[in-house]
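This report refers to the structure that appears directly beneath it.
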Amino acid sequence: MEARLNLFGNEVTNKLVRHFNSAGKVISDSTLPAETQELVKIRASQINGCGFCTDMHTKDAAAAGETSVRLNLIAAWREAKVFSDAERAALELTEQGTRIADAAGGVTDEAWANAAKHYDEEQLAALASLIALINAYNRVNVIVQQPAGDYEPGMFG
């Protein structure tokens, strides 16, 4: 499989990805736990069918010490006992924020209030921003059919 467009060899997409990465640095430097950030990136990527991002973020999470049990259960987080209440709230917000078009009204007040029980204002800002950003990455990769499987942890810096 080959991508429809070389994202890494195109001036426009190179500039776009640099801006995305700058936004990502703001989020990664926030107080939102790194483990939660990876769970969010993986779950949104699964929902969006983005193989490239699912591959990248599961490998990055594993390299950072995430267990295979938790990685394998992200898609079934509601039934899994391995996630904290805070992580479950972040995953619910991720699902609703990723599936905005699937439900009238978008993200529910209940999902937001539940997340607000576990995260302070800075962390909520980072969480909402991360959900938006990973969805943007996913959409670019899905549109161009970016192939998955070759990612090595840390290969992008």
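For the chain, the relative contact order comes to 40 percent (Cα pairs under 8 Å, sequence separation of at least 6).
Heavy-atom accessible area with a 1.4 Å probe sorts 109, 60, largest first, into 109, 60. Between segment 23-61 and segment 99-122, the alpha-carbon centres lie 18 Å apart. Karplus-derived 3J(HN,Hα) values for segment 73-85, using 6.51 cos²θ - 1.76 cosθ + 1.60 with θ = phi - 60°, are 9, 4, 5, 10, 4, 5, 9, 8, 8, 8, 10, 6, 4 Hz; glycine and proline are entered as x.
Taking 0.36 nm per residue of sequence separation and removing the Cα-Cα distance, the residue 132/residue 73 pair yields an extension gain of 19.0 nm.
Given the peptides 81-93, 4-16, arrange them by the average over their residues of other C-beta atoms within 10 Å, most packed first.
81-93, 4-16
Based on Cα atoms of segment 70-154, Rg over Rh with Rh as the Kirkwood radius reads 1.00. Principal-axis analysis of the Cα atoms of the chain puts helix 34-48 at an angle of about 70° to the longest axis.
Note: relative contact order over segment 71-157, using C-alpha pairs below 8 Å and six or more positions apart, is 23 percent. Placing 108, 58 in order of accessible area, with the largest value first and a 1.4 Å probe, yields 108, 58.
The values are calculated or read from the model by the stated rules, or taken from the named source; none is laboratory data. Since the model is a prediction, treat every value here as computed from it, not as a measurement. Methodologically, a virtual Cβ is constructed for each residue, glycine included, from the backbone with ideal geometry; neighbour enumeration extends over all protein chains shown. Side chains are part of the model used for accessible areas, which takes the heavy atoms of the whole protein and leaves out ligands, DNA and RNA. Shrake-Rupley method; radii C 1.70, N 1.55, O 1.52, S 1.80 Å.
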